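Below is one structure, written out as structure tokens, with a few remarks after it.
Derivation of every value follows stated rules applied to the coordinates shown; laboratory data play no part. For clarity, every value in this text was computed on a predicted model and none was experimentally measured. Cβ sites come from the backbone with ideal geometry, for glycine too, and all protein chains shown count toward neighbours.
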Amino acid sequence: MDYYMKSRNSLKYLVCFILVQLIIHDITAQKKTFIREYIYKASETDSKITSRQKALIEVKTLLIEELGIYVESYVNHLVKDENGAITKDFFTNEIKTLSAGTTETKIIEERWDGYEYYIKAEIIADPEEVLRRINQTLSVRKSSKAVDSLKILLKNSNNELMLKNNELRVLRGQLSAQQKKIDSTQTSLNTLNQQLIESKRQLTSYQAQEKHILSEIEEIEKVMKDASNKAIANVRIGMTPEEVVRVCGKPRAEQCGSMNYGAVWVIISSNIVVGIVDARDYQTCNNDMDSYKRQHKRIILE
């Protein structure tokens, strides 16, 4: 109860003090003009528009600071701390806030050279209007511990919420990075799967070709073996080439009268068969069986 009484007394003291100040300065108070300059050095990402906006913010800040100091000196107040209910800091902040709300910034001059934005501005202060508004603020302000505690609680809650939001933002960033990594890995995996499918398709094609070639080789070997066996079984010494063709069929190749039947050559000399030799020992246009004997060649029929 004492706390509330002290707070109310403090408010009464402040209100009365301000009203007295208003009466004292009513005759002599005049509006005052403040002029400040500011040069903003643009960064690589700044344009003329963003540079002007930043320069204007800074020059307004300077003007409000100076205006707040002037209004404080105009009031020349002395406020004592009463249990944390009303403080000089509160009074000073109210002056700056209300000064900003009751003044208008006017641009006097501005220049842009592509690198720096120069701005010159002014505001006109009305101390009486500022004090009138502070008086209204103090009249409705309830300096109770409950209200102050609630404000502190809300501030702490807001700070905690901001902290949690920041943590959540970090986690979302990490999840996003992980998702990008997963997506990249999945893309690489899909590419490798496509390459594997293509490799399997090519392997199947090569295996089919190999099987076909082996089948053809087997067929050719069979034809050659049949031709060799037929020649060995049916050819006789003294046959003519025409007779050989009748019993063995058309030869696979002919050279200097001799005829090839797969793995053997039928040697023809003076238009008659003189022998059969292994194809590996056949000598081009050599129709002399004696020379094959002297060289110990593989003679199948002599």
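Converting phi to 3J(HN,Hα) with the Karplus coefficients 6.51, -1.76 and 1.60 and the offset θ = phi - 60°, the range 172-179 yields 4, x, 5, 4, 5, 5, 5, 5 Hz in sequence order, with x at every glycine or proline. Amide H to amide H, with H built 1.01 Å from N, Met239 comes under 5 Å of Val273, counting only residues 5 or more places away or on other chains. Comparing Cα centroids, the range 231-302 and the range 174-220 end up 53 angstrom apart. Restricting the trypsin sites (Lys or Arg not before Pro) of the range 213-263 to loop positions (DSSP other than H, G, I, E, B) with no more than 15 neighbouring Cβ atoms within 10 Å leaves Arg236, Arg252.
Hydrodynamic estimate: the Kirkwood radius of the range 228-301 over Cα pairs, inserted into Stokes-Einstein at 4 °C and 1.567 mPa s, corresponds to D of 110 µm²/s. Going through the cross-link list Lys32/Lys54; Lys41/Lys120; Lys31/Lys60; Lys222/Lys297; Lys250/Lys297; Lys54/Lys164, which pairs have a Cα-Cα distance over 22 Å in this structure? Violating the 22 Å limit, Cα to Cα: Lys32/Lys54; Lys222/Lys297; Lys250/Lys297; Lys54/Lys164. Spacing of the modelled spin labels on Ser188 and Ser47, each 7 Å from Cα toward Cβ, amounts to 4.0 nm. Distances between placed amide hydrogens fall under 5 Å for Ser269 paired with Val274, all partners being 5 or more residues away or on another chain. Look at Ser228, Ser269, Ser176 and count the other Cβ atoms within 10 Å of each Cβ; fewest to most, that gives Ser176, Ser269, Ser228. Residues whose amide H comes within less than 5 Å of that of Ala42, counting only those at least five positions distant or on another chain, are Glu116, Tyr117 (H built at 1.01 Å from N in the peptide plane). Take every Cα pair under 8 Å whose residues are at least 6 apart in sequence, average their separation, divide by the length of the range 228-301, and the relative contact order is 27 percent. For the range 150-256, the pair-distance distribution built from all alpha carbon pairs, in bins 10 Å wide starting at 0, is 11, 16, 12, 10, 9, 8, 8, 7, 6, 5, 4, 3, 1, 0 percent. The phi-based Karplus calculation (6.51 cos²θ - 1.76 cosθ + 1.60; θ = phi - 60°) puts the 3J(HN,Hα) values of the range 200-212 at 5, 5, 5, 4, 4, 5, 5, 5, 5, 5, 4, 4, 5 Hz, whole numbers, x for Gly and Pro.
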